[in-house]
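The values are calculated or read from the model by the stated rules, or taken from the named source; none is laboratory data. None of these values were measured; they are calculated from a predicted model. Every residue, glycine among them, receives a Cβ derived from its backbone with ideal geometry; neighbour counts consider all protein chains shown.
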Amino acid sequence: MSQPAEKSWYDDGGLMLFLACVAAFVYFMWFTPKQQPVEIQIFGRVDQGLFGGETLKVTCWHIFPGTLEKGRITVLAESTSLAKGEVLKYHSFDAWPPNKEHQVTVDFPLHEVERSAPIRLSIQIVAQNAKDSHYQIAWDRNTNTWSTPLVDLSPR
């Protein structure tokens, strides 16, 4: 009787499947880009309108290593000083390059109900090539400055 021929190591299906899984794991761990959170800079000011109305202008730009792609920035304001229906603003983009030259500005009309209450802002940035980022900050109407520092609420 003849003995069966020995199999080569590469003829073993289980071993080849294991090596393919290890190769795929190594590829995804070291060669796929990691998504980073978006860092932002924010600037605010109150403009006096021509006929007496005030507007809070919130300007922000991002500091991200590259252009953000296919996303949106959402700004939610909470205060009794805001005009009715003017609490949510958003800006969608296909491409948003970094730095101040490409800033986004949203306007919130104000009225004279309660000047002592701060205007709390929640800012969310969602982009295809970055981690979702969420920030909070508050504006003081009496001093016309930020009353709290920018707080990053993004999961790391």
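Please return the ranges of strands (runs of 3 or more DSSP E) entirely within segment 7-126 where 1 or more residues are in contact with a helix residue (DSSP H, G or I) (Cβ under 8 Å, 6 or more places away or on another chain) and surrounded by 10 or more Cβ atoms within 10 Å (Cβ to Cβ).
Numbers: elements: 39-48, 54-63, 68-78, 88-96, 104-110, 119-126.
Correct list: 39-48, 54-63, 88-96.
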Seminar exercise, completed: Looking across segment 27-64 at residues that are within 14 Å of ALA127 (Cβ to Cβ) and in contact with a Pro (Cβ under 8 Å, 6 or more places away or on another chain), the single one that is modelled with the lowest pLDDT is GLN36
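Has segment 3-26 got any residue that is under 24 Å from VAL126 (Cα atoms) and at pLDDT below 90? Reasoning before the result, please.
Taking segment 3-26 as the starting set, the residues that turn out to be under 24 Å from VAL126 (Cα atoms) are none.
Scanning segment 3-26 turns up no residue that is under 24 Å from VAL126 (Cα atoms) and at pLDDT below 90.
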Problem set entry | Residue match in segment 130-141 (condition: exposed (fewer than 14 other Cβ atoms within 10 Å of the Cβ), assigned to a strand (DSSP E or B), without any contact (Cβ under 8 Å) to a residue 24 or more places away in the chain and of a type in the set (A, V, I, L, M, F, W, C)) | no
